[in-house]
Amino acid sequence: MADDVRSWSDELARDPASLVFLPLAEALRRQGQLDLARKVATRGLERHPHNPEAHDLLARVHADRGDLQDAFDEWDMVLRLLPGHVGAIKGMAFVRFQQGAHEEAERLLVQAQGIGEDADISAAIDTVRRSSGVVVSVESLPPDLPSDPHLLFAGLLTNDQTAMLLTKDGLVLAGAYYAADGRDVAQDVGASLSGVSDEAFRATRHLGIGAWRSIIFEAEEAVVSLSPARGALADGGMLVLAGAPATPLGLLRRLLDRCLTRVEAWLKAGGGTGLA
Amino acid sequence: MTTRFTAVLDALIRQRGVRASLVVSATDGIAIDSNLQIGQDGSRVAALSASLYRKARRSATAAGFGATGFMQLEAESGRLCLIGGDELVLVVVAERDANVGMIRVEMLRSAEALA
Amino acid sequence: MIKTSVEPWIETPLRAFVLDAGVQLALLLHPSGQVLAQHGFVRAVDVMSACALAAAIHASSSELGRQLEGKPFRGLHAGTGRQIFLAEAETARGPYIFLTVFDQDSSLGLVRMYFEELQTNLASAAPPPVGPQGPVLSANFEGELNRNLAELFGRP
């Protein structure tokens, strides 16, 4: 390791624009040379201000030094440069947890979990909840169903897809919808879309083409599909699934079916009744 | 009588499983031109599809999805496909097992005629 | 308290129309101008003037249609933002005039479609006429109108 540090230092001296400052600062951080690590990372960022990994590295150095707000700001910068960066979201959650903002920490962790399955994140969520005194009863849910309603569709969707389950009144029962800035806007989106199911119901009733199964529309920002929920929510409940504009419609249809099946299992197991 | 939409509607009705093709006023829900198979109620299709189209467009904008393009309502025994702009909507009523991919391509191509 | 209809059998079909078509105002009246049912009006005086205007428009447009095409015009539509639709509904008790006002939340297509349903529902709900209908005398008309308005708006 010492040899590596020396060789990276030499290389950086020869070529100050080299990206070798990244492994160098990381090695220094791991060795506990936090001031030096911060200096190397900061100088590297002067040459590469739009490099998200460099901001992520500096954030970790700040966090190790106990400069939590500086760390948070650097991770925030990472998200601006690279929306959906799981490491940055987890880092921000760590900062908020350390600052005692458990609710926001949990929200960030849930967001990170929605982007990619990760056992560490699940454990972190449990830790945050235990710390904030929230007791989650998962006894009634099968082990393959997540206990957190926000995560109902985790594992089914990629990071450019999102799904949520709405009640007849347009309220969000499960799932999430994150805006580019990381805010969960599920409730707003759900309320905006809820009236479409009434129109679908009306059209199919008067045209005599049977009950409606789905509406898919291609929009500028997303391909969106709506489908009536089955089982306990059959009376007006609706599943909303959105993907990136380039998502093939056939794939969206298939994902919709999978999400509906999960919703059915979740509702059958008591999800949405306050147990989950 | 031939209108500027006749060719578009004829091309759509020739697709397998298509029962009706219409050009509808988006705001009034009235059929401007149509090609209907026997048993299809053009005025009813026009009123309901325009209403669905307007609602979906408004909702999509409110939800931040931006302007909408092709739309499809799938039901147990049929489909409604829609595409349009502020004033006109091109509507296709098709059977459930119709080739919606082909219909979509034809409608996207035809949508220019509505502009 | 504002009631919807003077005669109970009109209540359900009219409510269904208003809900389904998403209109703002609806008025059912006798061709003489006497109000039978309303939805959305808050003042008796507005109903009174709407009835008078609707009866007059219906009478003149029907006559114009007869002279131009040999039959009365069926269904009159006007406006762009706020729109009106005026049409005749035939029942066992004779023809009634129907007037509705709607905006962009509904459409002419929907209003026409649900008006067809309203016609059917009114025709099936209407009880048979009781005795011969006498001519509407001016004095009777005024008294009937006021009685109906009082019934709808709960005023003496």
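Listing for the model above:
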{"quantity": "Convex hull per residue volume in Å³, alpha carbons only, for chain B", "calculated": "99"}
{"quantity": "Candidate aspartates and glutamates - alpha carbon under 17 Å from residue A:268, same-chain residues fewer than 8 apart omitted", "calculated": "A:139, A:144, A:148, A:235, A:257"}
{"quantity": "Partner chain coverage, peptide B:74-85 - average Cβ within 10 angstrom", "calculated": "5"}
{"quantity": "Tail weight of P(r) past 26 Å, computed on alpha-carbon pairs of chain A, percent", "calculated": "52"}
{"quantity": "Test item: B:38-47 mean partner chain Cβ contacts at 10 Å", "calculated": "4"}
{"quantity": "Calculated SAXS-style log₁₀ I(q)/I(0) at q = 0.09 Å⁻¹ - the protein assembly as shown, Debye, Cα scatterers", "calculated": "-0.83"}
{"quantity": "Most fluctuating residue given options A:25, A:163, A:211, as computed from a GNM of chain A linking Cα atoms under 10 Å", "calculated": "A:211"}
{"quantity": "Neighbourhood charge, 9 Å Cβ-Cβ cut-off, centred on residue A:199 and excluding it, Lys, Arg +1 and Asp, Glu -1", "calculated": "+2"}
{"quantity": "Span-like helix ranges in chain C, DSSP H, alpha carbon extent 30 angstrom or more, Kyte mean at least 0.5", "calculated": "C:44-69"}
{"quantity": "Acute angle (nearest 10 degrees) that the helix B:42-62 long axis makes with the longest principal axis of chain B, alpha-carbon atoms", "calculated": "30"}
{"quantity": "Alpha-carbon centroid distance for the pair segment C:49-128 / segment A:188-208, whole angstrom", "calculated": "28"}
{"quantity": "Rg/Rg_ref, chain C, where Rg_ref = 2.2 N^0.38 Å and atoms are Cα", "calculated": "1.00"}
{"quantity": "Peptide A:195-202, shielding by other chains (average Cβ, 10 Å cutoff)", "calculated": "5"}
{"quantity": "Principal-axis tilt of helix B:100-114 within chain B, Cα atoms, nearest 10 degrees", "calculated": "80"}
{"quantity": "Residue-count net charge about residue A:110 - beta-carbon cut-off 10 Å; Lys, Arg +1, Asp, Glu -1", "calculated": "-2"}
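Every read-out reported here was derived from the displayed coordinates using simple, explicitly stated rules and does not represent laboratory data. Not measured: the values here are computed from a predicted model. Glycine gets a Cβ as well: all are built from the backbone with ideal geometry, and neighbour counts include every protein chain shown.
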